[in-house]
Amino acid sequence: MTIQLDVTGMLGRAVPQGATPAGLSALAPRLAAAHAALLADAARGLLGFRELEAQGAERARVQEWARSASLELDEVVVLGIGGSALGSQALRTALLPRDWNARSRAQRGGRPRWHLLDNIDPRSVRGLLEVVDLRRTRFLVISKSGATAETMSQYLFVREQVRAAGIAESDAFAFVTDPVKGVLRRIAVDEGITTFDIPANVGGRFSVLSPVGMLPATLLGLDVDQLIAGGVAMRDRCDNDRFRDNPALAFATLQWRAHLEAGQGTQVMMPYSDALRDVAPWFVQLWAESLGKKNQEGQSVGPTPIAAVGATDQHAQVQLFMEGPADKSVTFIDVEEPDGGELMIPAHGPAELAYLGGHGFAELLRAECRATARALATMGRPTMTIRLTRADAWHLGGLFMLLELATIYGGQLYGVDPLDQPGVELGKQLTYYQFGHPDWQQMEATWEALPPADPDWVL
């Protein structure tokens, strides 16, 4: 079981303006300072996503409850958004067979289907509730603050349906929220609803290995212990300030350097694996919301991440990556061993297709990954590859930890706090104002200062 980071395609020997050994050596003091800052933040208790052993008791509680609760369920529905949703979606896509919800209960081994409501479009909310049996469904309400407008509006609507059906809220819901505060805590006490803690020092986009991800994972019968073991192994592997020995530090450094020194601030995450396709949007939120900010000098900084998937996006986005603006780096995720074994292409067919016969689908996918990397290099476009032995729980836990640690290092290099999201908060506050939230009526002046739509310019 291995996770490798191949950075050859980011070096000067491969592409113009790539990193050089001398340049990386010159950065050593900067990298040591970034790692020291990470350790200082960890010592102050700010990086709870690293403290996987300390969360063992709550994780065991999650597992004990979920294993018994899942026996009575046909459906699990996650009500969440952003970091409260994207991680569990990536887990489901990676670790369950394709078209899981379309399989019979026998084909699923008695395990429930999984659904996500991560938006408030009435079409989606209505559509889901039309197809689930409320008496055989558990809704997981995931919000650290308990005040997320989208998630709480979903909860209120579902609660009304549950009550109308004569179902106790304690049989319909489970909450994942802050350990001590928020409205979900109060509701849980009033209604006797099982509730699990998001550690106070774990932010939403860093929460996939907390109960945010582990509760739905356990309900679906996924190997939580291996997820955590992979995360611990990667955390320990990255516990140094040496570029060659710390893949998270190397990833952050090369992306930051490509942005600052080569103008390549658009950073593509492109798994060549359908199992890992939802890791890309999870990474996009992690990287964008953590690093796109104003730095200590008040300058707007940060990369622009893009999600893609190979080989699908070879026929959609790669033309842009090849010949469009030279402002991008591409990170591939390559899986060496296909889930369930290789699937062979038949050798019998038209002569024009004979070259495919006798080869495997996974073999072709990996060949296309290598070919795309080489093609990009010929055009001077930088790439790196994260290589996993297989897309299983251990490797996925390690991949999550690698990218979360890289984000913290990225914050140090860009000079921003990767743990906050002030730009998101303003939009929330203006939404609350429009709905008459009593705590945000002071936003009236901000709202009124915005120019209304000009009829002369509505085309």
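The values are calculated or read from the model by the stated rules, or taken from the named source; none is laboratory data. Predicted model only: the values in this text are computed from it and were never measured. No Cβ is skipped: glycine too gets one built from the backbone with ideal geometry, and neighbour counts run over all protein chains shown.
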Fill in the blank from the handout: If we ask which residues in the stretch 171-184 are part of a helix (DSSP H, G or I) and surrounded by 18 or more Cβ atoms within 10 Å (Cβ to Cβ), their number turns out to be 2
Exercise for the section: Tell me, please, whether a residue that is under 17 Å from Glu404 (Cα atoms), among the aliphatic types (A, V, I, L, M) and in contact with a strand residue (DSSP E or B) (Cβ under 8 Å, 6 or more places away or on another chain) can be found in the stretch 283-290. Expected result: yes
Problem - Boolean, Phe332 is more than 22 Å from Gly82 (Cβ to Cβ), outside the structural domain of Gly87 (by TED's automatic domain parsing) and within 16 Å of the chain's Cα centre (by Cα) - result: yes
Practice task
Go through the residues of the stretch 189-200 one by one and say whether even a single one is over 23 Å from Arg138 (Cβ atoms) and either among the aliphatic types (A, V, I, L, M) or surrounded by fewer than 18 Cβ atoms within 10 Å (Cβ to Cβ) (or both).
Solution key: yes
Problem - Residue pairs meeting the criteria (Cβ under 6 Å; at least 6 apart or on separate chains; first surrounded by 13 or more Cβ atoms within 10 Å (Cβ to Cβ), in the stretch 223-245; second modelled with pLDDT of 95 or more and of a type in the set (Lys, Arg)) - result: Arg235/Arg50
Fill in the blank from the handout: Of the conditions (1) in contact with a helix residue (DSSP H, G or I) (Cβ under 6 Å, 6 or more places away or on another chain); (2) surrounded by fewer than 17 Cβ atoms within 10 Å (Cβ to Cβ); (3) small (Gly, Ala, Ser), the single one that Ala168 does not satisfy is (1)
Practice task
Could you grab the pairs with beta carbons closer than 6 Å, sequence gap of 6+ or different chains, first residue in the stretch 317-328 and free of Cβ contacts under 8 Å to residues at least 12 places away in the same chain and surrounded by fewer than 20 Cβ atoms within 10 Å (Cβ to Cβ), second one of a type in the set (S, T, N, Q) and assigned to a loop (DSSP other than H, G, I, E, B)?
Solution key: none
Handout entry: Among the residues listed as Gly436, Gly423, the single one being at pLDDT below 95, over 19 Å from Glu297 (Cα atoms) and either in a helix (DSSP H, G or I) or among the small types (Gly, Ala, Ser) (or both)
Key = Gly436
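Quick grid of which residues meet (1) in contact with a helix residue (DSSP H, G or I) (Cβ under 8 Å, 6 or more places away or on another chain); (2) of a type outside the set (A, V, I, L, M, F, W, C); (3) assigned by TED's automatic domain parsing to the domain that holds Asp392; (4) not in a loop (DSSP other than H, G, I, E, B):
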| residue | (1), (2), (3), (4) |
| --- | --- |
| Leu91 | yes, no, no, yes |
| Ala94 | yes, no, no, yes |
| Pro97 | no, yes, no, no |
| Ser104 | no, yes, no, no |
| Gly109 | no, yes, no, no |
| His115 | yes, yes, no, yes |
| Asn119 | yes, yes, no, no |
| Val125 | yes, no, no, yes |
| Val132 | no, no, no, no |
Problem - Pair list, Cβ under 7 Å, 6 or more apart: the stretch 386-407 residue touching a residue at least 24 places away in the same chain (Cβ under 8 Å) and buried (at least 24 other Cβ atoms within 10 Å of the Cβ), other residue of a type in the set (Val, Ile, Thr) and assigned to a helix (DSSP H, G or I) - result: Gly397/Ile228; Leu399/Val279
Completion exercise
Okay, helices (runs of 4 or more DSSP H) sitting entirely in the stretch 218-308 with 1 or more residues that are assigned by TED's automatic domain parsing to the domain that holds Ala19 and more than 20 Å from the chain's Cα centre (by Cα), I get 224-237, 247-262
Completion exercise
Every listed condition ((1) in a helix (DSSP H, G or I); (2) over 21 Å from the mean Cα position of the chain (by Cα); (3) modelled with pLDDT of 95 or more) holds for Arg59 save (2)
